[in-house]
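Just so it is clear, none of the values below were taken in a lab; they were calculated from the coordinates. Quantities reported herein were computed from a predicted structural model and do not represent experimental measurements. Reconstructed Cβ throughout: ideal geometry from the backbone, glycine too, with neighbour counts over all protein chains shown.
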Amino acid sequence: MLHLSDAQVRTLLPGPVLAVELMRETLLALADGIASVTPKSQVVHEPGGFANAMPAAWPERGLLGMKWVTVTPSNRERGTEMIDGLMVLSAPDGSTRATMDAAELTALRTAAVTGASLALDDHPVTFMGTGVQARSHARVIEALGRGPLTVWGRRREALEELTAWCAVHTPALELRVTTDRAGALADAGVVISALPIGLSGSQLSTTEICTDATLLPVDYASVAGAEVARTGTLVADDPIQFEALRPVKLGKDYPQATGATGDLLRTGRPQGLVVAQNLGSGLGDVVLADAVVRAASSPGAHALP
């Protein structure tokens, strides 16, 4: 059985532009209900820590698999990664095609879903956060030609580290960094937020953002809270999963989604504020994992150690 490490997955993942197109197809499939996806099944293994099982199938494409992802906040004290995971990809007959580490896969999947959602709005982009997702999103935004990118962060040191990383890995991206939250949001038509999930005290007020802004949160309600979500059109990558998680993860007062992100990609963006929640669907992981395995088995692939 084939197992791929994160280092191997990194070399086999599709480029950002292709990944965005694959996630656009995934968002449309979720909107159309042609895939079989269940809400994340969660267990708690330490205070603030949890693990999710994310199965998904797309019968028309012969795709079947599951991602197991763990979030362990105490790892910060040990100097190790807080998020880890394993992807299992099955064949249509139920046999296991491959397993692979899931960190690189997850980072690209999340950013590529955002990249697909950027088709809704061509206005300037602000990113809130300086972690792993800032880097994966920078890759996607550079590839899509959507710069300049303004990044807001609390710590000047983290912004300097991100600037140094982007100089090497995304040299064509015009990057602007700031610790001034109000300034970063003042002219932002699109706001991507990737602060820690469950963070308190960082939610936007309606006076901080443009009345016709597009919010693309990957941090649930940490930034795009109930107050903002109630003022505009709210959609989600997977509305069924959103409704299952909404009372627990976003709050009982958080409004229901009126549709899927894929619906807007097909029909167009409505006027006013739009919030497109990216909860992270297991279907996207399965689609990207399939692309990785196909690349690993292609005639031109480098021999895997």
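With angles folded into 0 to 90 degrees, how steeply does helix 16-32 sit against the dominant principal axis of the chain? Use alpha carbons for both and round to 10.
Tilt relative to the chain: about 90 degrees.
About its Cα centre, how strong a charge dipole does the chain have in debye, to the nearest 20, once Lys and Arg get +1 and Asp and Glu get -1 at the Cβ? Spell out each step's value before the answer.
Details: 24 positive and 32 negative charges, 37 e Å.
The calculation lands at about 180 debye.
Specify which residue in the list L283, S298, L264 is farthest towards the positive end of the charge dipole of the range 241-305, using unit charges on the beta carbon of Lys, Arg (+1) and Asp, Glu (-1), about the Cα centre.
L264
Which percent, to the nearest 5, of DSSP beta bridges fully inside the chain are antiparallel?
Numbers: 29 of 56 bridges.
If we restrict to bridges inside the chain, about 50 percent are antiparallel.
Treat the count of other C-beta atoms within 10 Å as a stand-in for reagent exposure and order T114, T233, T207 from fewest to most. Spell out each step's value before the answer.
Working: T114 26, T233 18, T207 7.
Sorted ascending by nearby Cβ count, the order is T207, T233, T114.
Just add up the charged neighbours of G183: K/R +1, D/E -1, any other residue whose Cβ is under 13 Å from the Cβ of G183. Let's see the in-between values first.
Numbers: positive: R176, R181; negative: D180, D187, E208.
The answer is -1.
With a 10 Å Cβ neighbour count serving as the proxy for reagent exposure, in which order, fewest first, do V140, V293 appear?
Numbers: V140 25, V293 19.
With the fewest neighbours first, V140, V293 line up as V293, V140.
Tell me the net charge near R246. Cut-off is 12 Å between Cβ atoms, R246 excluded, with +1 for each Lys or Arg and -1 for each Asp or Glu. Please report the intermediate quantities before stating the final value.
Working: positive: K249, K252; negative: D238, E243, D253.
Combined, the nearby Lys, Arg, Asp and Glu give -1.
Please report the net charge: other residues with Cβ closer than 9 Å to the Cβ of D101, K and R +1, D and E -1. Could you put the intermediate results ahead of the total?
Working: positive: none; negative: D6, D84, E104.
Result for the local shell: -3.
Could you work out the relative contact order of the range 111-280? I mean the mean sequence separation of Cα pairs under 8 Å and 6+ apart, divided by the number of residues, in percent.
On the way: 340 pairs, mean separation 37.8, N = 170.
The value is 22 percent.
Let me have the relative contact order for the chain, percent, based on Cα pairs under 8 Å that are six or more residues apart. Provide the component values of the computation, followed by the final result.
Details: 633 pairs, mean separation 65.1, N = 305.
Value for the chain: 21 percent.
Quick one: putting +1 on the C-beta of Lys and Arg, -1 on the C-beta of Asp and Glu, what dipole do you get for the range 71-192 around its Cα centre, in Debye to the nearest 20? Walk me through the numbers before you get to the answer.
Numbers: 12 positive and 15 negative charges, 33 e Å.
With Lys and Arg at +1 and Asp and Glu at -1, about 160 debye.
Normalised by the residues of the range 202-305, what does the relative contact order come to in percent, with Cα pairs under 8 Å and at least six apart? Let's see the in-between values first.
Working: 135 pairs, mean separation 35.4, N = 104.
This gives 34 percent for the range 202-305.
Once you charge only the Cβ atoms, +1 for Lys and Arg and -1 for Asp and Glu, what is the size of the charge dipole of the range 188-305 about its Cα centre, to the nearest 20 debye? Don't skip to the answer; put the middle values down first.
Values: 7 positive and 11 negative charges, 16 e Å.
Charge dipole, the range 188-305, about its Cα centre: 80 debye, nearest 20.
Could you estimate the translational diffusion coefficient of the chain from the Stokes-Einstein equation, with Rh from the Kirkwood formula over C-alpha pairs, at 20 °C and 1.002 mPa s, in whole µm²/s? All intermediate terms of the calculation are to be shown ahead of the outcome.
Values: Rh = 19.6 Å.
Rounded to a whole number, D works out at 109 µm²/s.
If neighbour count is taken as other Cβ atoms inside 10 Å, put M66, M23, M82 in order from fewest to most. Intermediate values should be presented prior to the final figure.
Working: M66 20, M23 29, M82 16.
Sorted ascending by nearby Cβ count, the order is M82, M66, M23.
Say the dipole of the range 111-280 comes from +1 at the beta carbon of Lys and Arg and -1 at that of Asp and Glu; which of G147, S200, T231 then lies farthest toward its positive end?
S200
Using only DSSP helix segments of four residues or longer, with each worth -39500 (n - 2.57), what per-residue ellipticity at 222 nm results for the chain after dividing by its residue count and rounding to 500? Kindly include the intermediate steps, with their values, before the conclusion.
Details: 11 runs with 110 residues, N = 305.
Computed ellipticity for the chain at 222 nm equals -10500 deg cm²/dmol.
With label points built 7 Å along Cα→Cβ from the Cα atoms of D187 and T258, find their separation and express it in nm.
Using points 7 Å along Cα→Cβ, the separation is 3.0 nm.
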